[in-house]
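Structure, as structure tokens:
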Amino acid sequence: MKQQPSSLEQLLDRMDEAGEGEEAVSLDKLMETIGKRSFGPILLLIGLILISPLSGIPTLPSTMGVAVFLIAVQMLVLRKHIWLPGWILRRKIGQQKLAKASQWLRRPARFVDRLVKHRLNILVDGPGSWPIALVCLVLAVTLPLLEPVPFAASSAGLALTCFGLAMTAHDGVLALLAYSVTLGVGWLIANSFM
């Protein structure tokens with residue numbers, strides 16, 4: 001059994017690995033490559049999909065919103081394995097689009113990985129993950145609202161990426177950053193609909 005990825009670059013390596021020799025890659029295959037026991041890396045994967053150009057694919061932000069909602073609920077009820085319905089797991093992304101998104105994210109990933117470290121673990125481990133799950137529930141509900149605005153889902157994707165990486169790397173400072181990004185998403189939604 002593979003060890004779960006502990007950095008953005010390792011996650012991007014796993015995304016590339018999942019796409020090797022495939023015409024299109026399902027979310028199920030991506031999750032299988034990353035590990036279905038790991039809430040942090042799966043949130044990180046969804047966040048990366050949403051901040052990449054892939055967020056422009058119609059209905060993808062809403063589908064990812066449903067996935068985030070289900071994952072957050074499972075975090076709150078302390079499930080050990082991630083479960084998602086088949087219609088979400090069967091959702092496919094073209095291998096070329098996935099590879100292009102992975103390449104697009106490489107440089108920022110290297111920069112971010114240098115800044116991330118184990119600190120303030122209390123904000124991401126054990127009961128510290130419950131507020132993260134609650135905020136992820138709110139972000140999940142906002143994703144369908146952001147879908148009509150091209151690439152607006154990327155703002156929620158940034159918050160999910162920060163939360164996922166914070167949980168993966170046990171970095172509470174990054175969780176605090178994710179909370180502030182979430183406030184920015186709220187501001188964006190308020191301005192969009194007012």
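The values are calculated or read from the model by the stated rules, or taken from the named source; none is laboratory data. Keep in mind the model is a prediction, meaning the values are calculated, not measured. Here the Cβ positions follow ideal geometry from the backbone for every residue, glycine too, while neighbour counts run over all protein chains shown. When the accessible area is computed, the model is the full protein with side chains, heavy atoms only, and any ligands, DNA or RNA have been set aside. Shrake-Rupley method; radii C 1.70, N 1.55, O 1.52, S 1.80 Å.
Summary of computed values
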{"quantity": "Every residue from the range 35-60 that is assigned to a helix (DSSP H, G or I), more than 8 Å from the chain's Cα centre (by Cα) and within 22 Å of Trp87 (Cβ to Cβ)", "calculated": "Phe39, Leu54, Ser55, Gly56, Leu60"}
{"quantity": "Cβ-Cβ under 7 Å pairs, at least 6 apart or on other chains, the range 42-59 side crowded, with 22+ Cβ neighbours inside 10 Å, far side in a loop (DSSP other than H, G, I, E, B) and basic (Lys, Arg)", "calculated": "none"}
{"quantity": "Failed condition for Lys80, given (1) farther than 23 Å from Ala159 by Cβ; (2) assigned to a helix (DSSP H, G or I); (3) in contact (Cβ under 8 Å) with a residue 40 or more places away in the chain", "calculated": "(2)"}
{"quantity": "Selection count where residues are out of contact with any Cys (no Cβ under 8 Å at 6 or more places or on another chain) and closer than 19 Å to Gln10 by Cβ, scope the range 158-175", "calculated": "10"}
{"quantity": "Unmet requirement for Leu158, which otherwise passes all of (1) touching a helix residue (DSSP H, G or I) at 6+ places or on another chain (Cβ under 6 Å); (2) open to solvent by less than 60 Å² (accessible area, probe 1.4 Å); (3) within 18 Å of Ser6 (Cα to Cα); (4) modelled with pLDDT of 90 or more", "calculated": "(2)"}
{"quantity": "Scope the range 116-133; condition more than 16 Å from Leu44 (Cα to Cα) and part of a helix (DSSP H, G or I); matching residues", "calculated": "Asn121, Ile122, Leu123, Gly126, Pro127, Gly128, Trp130, Pro131"}
{"quantity": "Residues satisfying the stated conditions in the range 66-105, i.e. of a type outside the set (D, E, K, R), open to solvent by 100 Å² or more (accessible area, probe 1.4 Å) and on the phi < 0 side of the Ramachandran plot", "calculated": "Trp83, Trp87, Gln96, Gln103, Trp104"}
{"quantity": "Meets criteria (within 15 Å of Gly40 (Cα to Cα) and open to solvent by 60 Å² or more (accessible area, probe 1.4 Å)) for Leu145", "calculated": "no"}
{"quantity": "Number of the condition not met by Pro108 [criteria: (1) open to solvent by 60 Å² or more (accessible area, probe 1.4 Å); (2) under 20 Å from Asp13 (Cβ atoms); (3) not in a helix (DSSP H, G or I)]", "calculated": "(3)"}
{"quantity": "Check on Ala153, modelled with pLDDT under 85 and either touching a Gly at 6+ places or on another chain (Cβ under 6 Å) or of a type outside the set (Ser, Thr, Tyr) (or both)", "calculated": "yes"}
